[in-house]
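Structure first, commentary second.
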Amino acid sequence: MEITKTQHATATVLALSGRLDGLASPALEKEIDAVLAAGSKVLVLDLSALAYVSSAGLRVFLTAAKKSKTAGGRATFVALPAPIREVFELSGFLTVLDIRPDVAAAL
Amino acid sequence: MTTPATPSAHPHSPLSFVEEILLLALDDTTGALRPMPVMGLDYALAGALLADLALANRIDTDPQQLVVLDRAPTGDPLLDRALGQIATAPAPQSVSHWLGVFASERSTLERAALERLVARRILAQQEKKFLWVFGVRRYPTVDNQERVEVRTRLSALILGDELPDPRDAILISLLTASHLLARIFDDARYHARSERIATLARMDLVGREVAAAIDTLARVLRTATPVMGM
């Protein structure tokens, strides 16, 4: 999985591409922790190029959302491809996480 | 898992899911198992074992299959035996397959969890005679702090709107699947939060599969029950 970081005025966007499984999850978790430690209050996860997410990946998403909220900010998930949206729906994530159509809507 | 399980290495380490589920399945006062559906505890303990392996970063799951991420031993004999079984399977199998395998080893899981909870001085082991002949073993609570803490945490999560951390989401999912949650939180405040509980319970795949296994079994048993009075 590749992670591309873009810094905006008030938000940090992490664009994920490829497969987010148990082997890729620790790197993403580390990246998210670094973003939150740097004081970014708005974390945007762009999933438009994400092909797969496993249970380990979903746990990283849930942890990111919880940590962001605890830090007084938010984590927003944008541009979910159909297979990822299906996994989010199955897990109830569509109702508990902040989901928006694209990066612009999350900034 | 043919060899007996041994207690976990450190008595002050956090409880595993296997220990936590069994602790919550026991009545605080009597030490007896709370009423559960047929094979409810079997599947809940099997799910707890898989959840322990997942949070130890040894396995990963999706709706199709369970895969091994790392064969390195965790240091917990119970988990390492299960990991060995999964790792040496000829091909990756589904979560429901492994739930079936480990549910059939309920007595090993239950005995190991009880031994550990006694070693941690949370439970005591008590032998009693029934009709002066039959031995009955009970596990009354010695230290209820762990139960009180987890119930307080889960209660706040159910009654509030905070996001759960993955560990609590898994626990709620397993407790809901095995119908234990409704026994533990049995009053109007929680009944009014059934939608919230359902949302939290859906968040973990292993918990969803445990629920599916228990519900399927209940349906099969209902269908197979002969109609009386014919």
### Task
Can you tell me the equivalent ellipsoid semi-axes for segment A:2-106? Use √(5λ) from the Cα gyration tensor, largest first, whole Å.
19, 15, 14
### Message
Please compute one quarter of the surface area of the Cα convex hull for segment A:1-61 and express it in square nanometres.
### Response
3.7 nm²
### Task
Enumerate the amide H contacts of A:LEU45 below 5 Å, restricted to partners 5 or more residues apart or on another chain; note that Pro and chain-start residues carry no placed amide H.
A:LEU14, A:THR76, A:PHE77, A:VAL78
#### Entry: Under-5 Å amide H pairs with B:PHE185, H placed in peptide plane, nonlocal only
none
### Query
Straight-line reach from A:LYS30: which lysines have Cα under 21 Å away, leaving out those fewer than 8 places along the same chain?
A:LYS5, A:LYS41, A:LYS66, A:LYS67, A:LYS69
### Message
Considering all projection directions equally, how large on average is the shadow of the alpha-carbon convex hull of segment B:17-224, in square nanometres?
### Response
13.5 nm²
### Query
In Å, what is the Rg of the alpha-carbon atoms in segment B:76-173, and how long is Dmax?
18.1, 52
### Query
Tell me, what is the FRET efficiency for B:ARG138 and A:ASP102 to the nearest 0.05, using R0 = 56 angstrom and their Cβ-Cβ distance as r?
0.40
### Task
Please report the buried accessible area for the interface of A with B, total over both chains, probe 1.4 Å, in Å² to the nearest 100.
1700 Å²
### Radius of gyration and maximum dimension Dmax of segment B:140-230, Cα, Å
15.9, 53
### Query
How much length is gained if the chain between B:VAL118 and B:GLN93 is pulled fully straight, taking 0.36 nm per residue apart and subtracting their Cα-Cα distance, in nm to one decimal?
5.6 nm
### Message
Before I look further, what does segment B:114-230 give for accessible area per residue, probe 1.4 Å, in whole square angstrom?
### Response
58 Å²
### Task
Report which residues of segment B:153-171 become buried by 30 Å² or more of accessible surface when going from the isolated chain to the complete set of protein chains (1.4 Å probe; DNA, RNA and ligands ignored).
B:GLU162, B:LEU163, B:PRO166
### Query
What are the ³J(HN,Hα) values, in whole Hz, obtained from phi via the Karplus relation 6.51 cos²θ - 1.76 cosθ + 1.60 with θ = phi - 60°, for each residue of segment B:28-38 in sequence order, with x given for Gly and Pro?
4, 8, 8, x, 8, 5, 5, x, 9, x, 4
### Task
Mind checking the per residue accessible area of chain A for me, 1.4 Å probe, whole number of Å²?
44 Å²
### Query
What is the spread of the Cα atoms of the protein assembly as shown along each of their three principal axes, largest first, in whole Å?
77, 51, 47
### Query
By Kyte-Doolittle mean hydropathy of at least 0.5 and Cα axial length of at least 24 Å, which whole DSSP H helices of chain B are selected?
B:205-224
### Task
Compute, for B:ASP204, the solvent-accessible surface of its heavy atoms (probe 1.4 Å) with the complete set of protein chains present, and express it in square angstrom to the nearest 10.
20 Å²
### Task
Could you work out how far helix A:55-70 tilts from the main Cα principal axis of chain A, as a 0 to 90 degree angle to the nearest 10?
30 degrees
### Linear extension gain, B:SER155 paired with B:ARG71, 0.36 nm per residue minus alpha-carbon span
26.6 nm
### Message
What distance in nm separates the two pseudo spin-label positions at A:ARG85 and B:ARG222, each 7 Å out from Cα along the beta-carbon direction?
### Response
3.4 nm
### Query
Where does chain A land at 222 nm, in deg cm²/dmol rounded to the nearest 500, when only DSSP H runs of n ≥ 4 count, each adding -39500 (n - 2.57), divided by all residues?
-12000 deg cm²/dmol
### Sorted largest first, extent of segment A:51-107 alpha carbons per principal axis (Å)
30, 25, 18
### Task
Report in % the part of the accessible area of the protein assembly as shown that belongs to carbon and sulfur, leaving out ligands and nucleic acids; probe 1.4 Å.
57 percent
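The values are calculated or read from the model by the stated rules, or taken from the named source; none is laboratory data. Note that the structure is predicted; figures quoted are calculated from it, not measured. Glycine also receives a Cβ, built like all others from the backbone with ideal geometry; neighbour counts cover every protein chain displayed. With ligands, DNA and RNA removed, areas are computed over all heavy atoms of the protein, side chains included. Shrake-Rupley method; radii C 1.70, N 1.55, O 1.52, S 1.80 Å.
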